[in-house]
Structures are given as C-alpha cells and as structure tokens.
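Beneath this line is the structure, given in structure tokens, with notes to follow.
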Amino acid sequence: MSAITELAERLGKAIAQSRQASDLQAARDAMAKEPETEKLLNEFHEHSEKLAALEARNKPVEVDDKHKLQEMHGKLIASETFKKFTAAQVEYIDLMRKVNQAIQRQIAEAEKPA
C-alpha cells in the first residue's frame with residue numbers, strides 16, 4: 001500500500017471515529033426507531049423532487065401540492081428526532097467540507113510555481 005493510501009485509510013478511520021460521525025449514526029438509529037418520521041421524510045423528499053421536476057420543465061405546480069409540501073415540512077420540523085438528525089447531518093457535512101478544504105489547500109500549495 002502506498003503512503004498516500006495509508007494516510008487516506010488513517011483519515012477515513014479518524015473521520016469514522018469522530019464525534020460528528022458518532023452523532024450522525026446515533027441520529028440515524030433514532031430515526032430508524034421512528035418509522036413514521038422516517039416515512040414522512042422520504043415522502044417529503046419524493047414530493048419535493050416531484051415539484052422541482054415540474055418547475056424544471058416549466059410545468060405548473062398546483063397550490064395543493066405546495067400546501068402539502070409545507071404541511072409535511074411543518075410536521076418534520078416539529079419532530080425532535082428529525083431536528084437532531086438534521087443537526088447531526090449539518091455537523092458531519094461541515095467536518096467533511098473542512099477536510100476537503102484542507103486537502104485542497106495542500107494540493108494548491110504544491111502546485112504553485114516555484
């Protein structure tokens with residue numbers, strides 16, 4: 001295994017052992033214990049994608065469809081489990097963004113002309 005691959009393995013392990021990854025897994029587990037919230041989230045995503053596809057094709061979106069999406073969103077944000085899941089996702093994504101930025105910074109430094 002090359003040195004770069006070994007570093008990537010260590011980085012992956014460190015990320016997997018991070019608080020953010022642990023919090024995200026705990027939030028996923030909590031969501032799995034609330035199938036109604038998980039189902040609502042899936043339905044929200046499907047309905048949201050349907051409306052986005054209509055808008056992308058310049059098709060009209062019915063007022064009832066917009067209201068349905070707002071209603072689903074309201075139910076989701078009322079769920080403490082969903083709030084924790086969303087917060088954990090945001091923190092994990094932020095960690096991954098910072099990791100990517102650190103890697104990109106180092107690559108950019110190495111590519112600068114001498």
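Values quoted throughout were computed directly from the atomic coordinates according to the rules given, and no laboratory measurement underlies them. Since the model is a prediction, treat every value here as computed from it, not as a measurement. Glycine also receives a Cβ, built like all others from the backbone with ideal geometry; neighbour counts cover every protein chain displayed.
Here are the numbers for this structure:
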item: Partners for K98 among lysines (Cα-Cα distance below 20 Å; same-chain residues under 8 apart left out); result: K13
item: Difference of contour (0.36 nm per residue) and Cα-Cα distance, A52 to D94; result: 12.6 nm
item: Extended-chain gain in nm, criterion 0.36 nm per residue less alpha-carbon gap, A108 and N42; result: 19.8 nm
item: In segment 13-58, trypsin sites (Lys or Arg not before Pro) in a DSSP loop with at most 10 other beta-carbon atoms within 10 Å; result: K33, R57
item: Eligible lysines near K66 by straight Cα distance, threshold 29 Å, same-chain separation 8 or greater; result: K33, K39, K50, K75, K83, K84
item: Rg/Rh (Cα only; Kirkwood hydrodynamic radius) as it applies to segment 35-78; result: 1.02
item: Folded to 0 to 90 degrees: helix 35-56 orientation relative to the chain principal axis, Cα; result: 90
item: Helix axis angle, 3-16 relative to the chain longest principal axis, alpha carbon, degrees; result: 40
item: Whole-number D in µm²/s for the chain (Stokes-Einstein; Kirkwood sum over Cα pairs; 20 °C, 1.002 mPa s); result: 123
item: Folded to 0 to 90 degrees: helix 19-32 orientation relative to the chain principal axis, Cα; result: 30
